[in-house]
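The values are calculated or read from the model by the stated rules, or taken from the named source; none is laboratory data. As the structure is a prediction and not an experimental result, all values here were calculated from the model. No Cβ is skipped: glycine too gets one built from the backbone with ideal geometry, and neighbour counts run over all protein chains shown. Ligands, DNA and RNA are excluded from the accessible area calculation, which covers all protein heavy atoms including side chains. Shrake-Rupley method; radii C 1.70, N 1.55, O 1.52, S 1.80 Å.
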Amino acid sequence: GEDVEQSLFLSVREGDSSVINCTYTDSSSTYLYWYKQEPGAGLQLLTYIFSNMDMKQDQRLTVLLNKKDKHLSLRIADTQTGDSAIYFCAESIGSSNTGKLIFGQGTTLQVKP
Amino acid sequence: NAGVTQTPKFRVLKTGQSMTLLCAQDMNHEYMYWYRQDPGMGLRLIHYSVGEGTTAKGEVPDGYNVSRLKKQNFLLGLESAAPSQTSVYFCASGAGENTEAFFGQGTRLTVV
């Protein structure tokens, strides 16, 4: 079945760049998403990329998609302490027409001052 | 705007008790979902609905039932709670395929 994998933890210093990686299995996924979860809160959509794109930039966020390797990454430039959270990668289930998403386990980003 | 609202926010149940979690959305979304979040496992889809009156099983449906009698509400029921159902439950809604999913704040359920 479909699967999404992420590393569980990343620690960076304030001002550095953070890169969170994700691999997925469903080659027919049309959209891939990055969600952010702050402590005690629900998930909030950060950004997304359509499968026919290689890169998308949105202010401090850069998403890279390597469709051949089924690899997605999220780069956060100039990481701030407010960026500390859990980041989830998610893929849409290709042709199901249900809006279902498969989520990775989440990567906890710790930003040290 | 309220967005997606879940009630209750916290609950402790004894094994064998039943309860219903309510999800309400005010965005006129067709699609609604119930996920559970467990440490190291991300979010797993329990049940979902693509419209009023319809429901379907997700990845981990056993022990749960759902109903979508009204478009704005999606109810998740536990008929006989088990400790394995201790989790944080998230409801989400979306306008359709390949659109943003909006999440509620979560319900932390403990079964003792």
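Consider the range A:26-41. How many of its residues are over 12 Å from the mean Cα position of the chain (by Cα) and open to solvent by less than 70 Å² (accessible area, probe 1.4 Å)?
Here is the first cut: in the range A:26-41, the ones over 12 Å from the mean Cα position of the chain (by Cα) are A:26-30, A:38-41.
So of that shortlist, the ones also open to solvent by less than 70 Å² (accessible area, probe 1.4 Å) come out as A:26, A:28-30, A:41.
Going through the range A:26-41 one residue at a time, the tally reaches 5.
Quick one: what pairs do we get from the range A:2-15, first residue under 14 Å from A:ALA85 (Cα atoms) and of a type in the set (A, V, I, L, M, F, W, C), second open to solvent by less than 50 Å² (accessible area, probe 1.4 Å) and not in a strand (DSSP E or B), C-beta under 6 Å, 6+ apart or different chains?
Hits for this filter: A:VAL12/A:THR79.
Would you call B:SER93 surrounded by fewer than 20 Cβ atoms within 10 Å (Cβ to Cβ), under 30 Å from A:THR30 (Cα atoms) and in contact with a strand residue (DSSP E or B) (Cβ under 6 Å, 6 or more places away or on another chain)? Talk me through it step by step, then tell me what you get.
Working: surrounded by fewer than 20 Cβ atoms within 10 Å (Cβ to Cβ): no; under 30 Å from A:THR30 (Cα atoms): yes; in contact with a strand residue (DSSP E or B) (Cβ under 6 Å, 6 or more places away or on another chain): yes.
No; evaluated as a whole, the condition is false for this residue.
Picking from A:GLN105, A:GLN6, which residue would you name as being within 14 Å of another protein chain (Cβ to nearest Cβ), closer than 18 Å to B:PHE90 by Cα and polar (S, T, N, Q)? First the steps, then the outcome.
Values: A:GLN6 fails: closer than 18 Å to B:PHE90 by Cα.
On inspection, the qualifying residue turns out to be A:GLN105.
I'd like to verify a number: residues in the range A:42-55 that are closer than 17 Å to A:PHE88 by Cα and either open to solvent by 90 Å² or more (accessible area, probe 1.4 Å) or in a strand (DSSP E or B) (or both), how many?
As a first pass, look at the range A:42-55 and keep what is closer than 17 Å to A:PHE88 by Cα: A:42-50.
Now restrict to residues that are either open to solvent by 90 Å² or more (accessible area, probe 1.4 Å) or in a strand (DSSP E or B) (or both): A:43-50.
Adding up the residues that qualify gives 8.
Name the residues in the range A:18-41 that are more than 14 Å from chain B (Cβ to nearest Cβ) and outside any loop (DSSP other than H, G, I, E, B), would you?
A:SER18, A:VAL19, A:ASN21
Can you name the residue in the range B:9-50 that is within 12 Å of chain A (Cβ to nearest Cβ) and on the phi > 0 side of the Ramachandran plot and is also surrounded by the most Cβ atoms within 10 Å (Cβ to Cβ) among such residues?
Among those that are within 12 Å of chain A (Cβ to nearest Cβ) and on the phi > 0 side of the Ramachandran plot, it is B:GLY42.
Would you mind listing the strands (runs of 3 or more DSSP E) fully within the range B:5-71 where at least 2 residues are touching a strand residue (DSSP E or B) at 6+ places or on another chain (Cβ under 6 Å) and closer than 16 Å to A:ILE102 by Cα?
On the way: elements: B:10-13, B:19-25, B:31-38, B:42-49, B:64-67.
The qualifying strands (runs of 3 or more DSSP E) are B:31-38, B:42-49.
Consider the range A:31-52. How many of its residues are over 30 Å from B:LEU109 (Cα atoms) and touching an Asp or Glu at 6+ places or on another chain (Cβ under 8 Å)?
Residues of the range A:31-52 that are over 30 Å from B:LEU109 (Cα atoms), as a first pass: A:31, A:48-52.
From what's left, touching an Asp or Glu at 6+ places or on another chain (Cβ under 8 Å): A:31, A:48.
Looking only at that region, the number is 2.
Does any residue of the range A:60-82 turn out to be open to solvent by 20 Å² or more (accessible area, probe 1.4 Å), at pLDDT 90 or above, within 14 Å of chain B (Cβ to nearest Cβ) and in a strand (DSSP E or B)?
no
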